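Everything on this sheet refers to the single structure shown next.
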Amino acid sequence: MTRFKSKQLYLSALLQNGWRPVLFLFLVSLLPLVTSCSDDDDKGNIPMLKGKISSYNEFGAAMLDFTEADMTKAGFTLGDVISITVDGKEIVMPYYDGYYTRNGEYLCVAYPTYPSVCFTANNVGLPKELTGLEGHDVVVKMKEKGGRLDVQTALSMKYTNDRNDYPTYSDAEFANARAASGGNIASGVLHRSSSPFSNDINRANYVSEYLESEKVKTVLNLADTEEKMLIYDMPPYSRSLWVGGNVILCPLKADPTADDYNNRLIEALKELPSRPAPYVVHCMEGKDRTGYVCALLEGLCGATYEEIVADYLITYNNYYHITPAKDSDLCNTLVSLRLNTCLMYYAGVNDESQLPNIDYAKAFSTYLLSHGMSQQQINALIQVLTIANP
């Protein structure tokens, strides 16, 4: 049966066939029904997938009972804007393979190492009304095909865990291990790295060798609980630091606005001056959580915005071969989405255009004071970071 694109074409065909007026009027009366059926068919072509919330991961994301392959089969592709409906609440969000939104913004993620697709509010976790819903129905619908494809394309960077894929890099660069030197931080006192304990990304041995060569004595671990530490097969120097009681455990989610983040971090920073330098700060990759804490320490010790940004972006060169010189637009996007949201919170401003002109030593001291550190404790922290290690 021929399907007409419009009522006008349908009427024209009837007239050309010379049908009698009575039959013509009868068929015209059926046109709304024909159009309605066509519209319903079009709606049926909109990608949709039904499933359930199967569990919640350690970061507060709702894990769904379908995979990226299921999403693809249903007609969704990375970079689409979708809606997810749970218990009558519809939330519109982008669909990515990584956490490419600002803190607190919703997104659906097909993360490469996750067993299934999840959705969450980036680095914050889902609000209370969307937790504890294991087994509840979920409906995913298309809202805008390719609506965030530009972000997905720009930020869907992949790195490998094969040392041979980084032939021009030193072991330290491959391990994302380096000294932090912004502002007045003394040479060799503060370091940052990927994990020296977990070898999930095949870098722990290289980090451990770096820490031994730099004679690091105290570790600020932003990734692990004691339970996790007990199951790791650690490299020798890393194990000596753990067994010797030289590791401050401060597991954080990458959301500096959260009370839990602030409470844990402040307690760890209060403790740090009582431990011997040199220090290293790490999470798993040494990227976001490590980047945020090092930015805080660097700024507290007088680093400029430019120094903080430069240090932050070294990580992206170490993992993804990205540099500001050849990838300026991408680096600007990364800084805006990741680092700037953190700096704005620490500095107490709402406009990222203000960031290059802030006195970070003053602003970050105010942040620490407002979150429970005394001026004496802040001074002690600055002192151990800015005095050269004997």
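Looking only at the range 233-251, count how many residues are open to solvent by 10 Å² or more (accessible area, probe 1.4 Å), under 26 Å from the mean Cα position of the chain (by Cα) and more than 16 Å from P276 (Cα to Cα).
Residues flagged as open to solvent by 10 Å² or more (accessible area, probe 1.4 Å), under 26 Å from the mean Cα position of the chain (by Cα) and more than 16 Å from P276 (Cα to Cα) within the range 233-251 amount to 1.
Counting residues that are touching a residue at least 40 places away in the same chain (Cβ under 8 Å), which helices (runs of 4 or more DSSP H) fully inside the range 170-254 reach at least 2?
Numbers: elements: 171-174, 204-213, 226-229, 236-243.
Answer list for the range 170-254: 171-174, 204-213, 236-243.
Given (1) open to solvent by 40 Å² or more (accessible area, probe 1.4 Å); (2) in contact with a Cys (Cβ under 9 Å, 6 or more places away or on another chain); (3) assigned to a strand (DSSP E or B); (4) not aliphatic (A, V, I, L, M), where does Y111 come up short, assuming only one miss?
Of the numbered conditions (1) open to solvent by 40 Å² or more (accessible area, probe 1.4 Å); (2) in contact with a Cys (Cβ under 9 Å, 6 or more places away or on another chain); (3) assigned to a strand (DSSP E or B); (4) not aliphatic (A, V, I, L, M), the odd one out for Y111 is (3).
Across the range 81-108, what is the total count of residues that are open to solvent by 40 Å² or more (accessible area, probe 1.4 Å) and touching a His at 6+ places or on another chain (Cβ under 9 Å)?
So the count comes out to 1.
Each row is one residue, and each column tells you yes or no for (1) polar (S, T, N, Q); (2) in contact with a strand residue (DSSP E or B) (Cβ under 7 Å, 6 or more places away or on another chain); (3) at pLDDT 95 or above.
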site	(1), (2), (3)
L211	no, yes, yes
T218	yes, yes, yes
Y232	no, no, yes
S240	yes, no, yes
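Do we have any residue at all in the range 224-232 that's farther than 22 Å from L265 by Cα, open to solvent by less than 50 Å² (accessible area, probe 1.4 Å) and more than 25 Å from the chain's Cα centre (by Cα)?
no
Scanning the range 372-390 for residues that are modelled with pLDDT of 95 or more and open to solvent by 60 Å² or more (accessible area, probe 1.4 Å), which turns out nearest to A186 (Cα to Cα)?
Q383
Go through the residues of the range 282-301 one by one and say whether even a single one is touching an Asp or Glu at 6+ places or on another chain (Cβ under 6 Å) and of a type in the set (V, I, T).
Restricting attention to the range 282-301, the residues satisfying the condition of being touching an Asp or Glu at 6+ places or on another chain (Cβ under 6 Å) are none.
Scanning the range 282-301 turns up no residue that is touching an Asp or Glu at 6+ places or on another chain (Cβ under 6 Å) and of a type in the set (V, I, T).
The values are calculated or read from the model by the stated rules, or taken from the named source; none is laboratory data. What you are looking at is a predicted structure, and each value in this text was computed from that prediction instead of being measured. Don't worry about glycine lacking a Cβ; one is built from the backbone with ideal geometry, like all the others, and counts go over all protein chains shown. Surface accessibility is based on the protein's heavy atoms, side chains included, excluding ligands, DNA and RNA. Shrake-Rupley method; radii C 1.70, N 1.55, O 1.52, S 1.80 Å.
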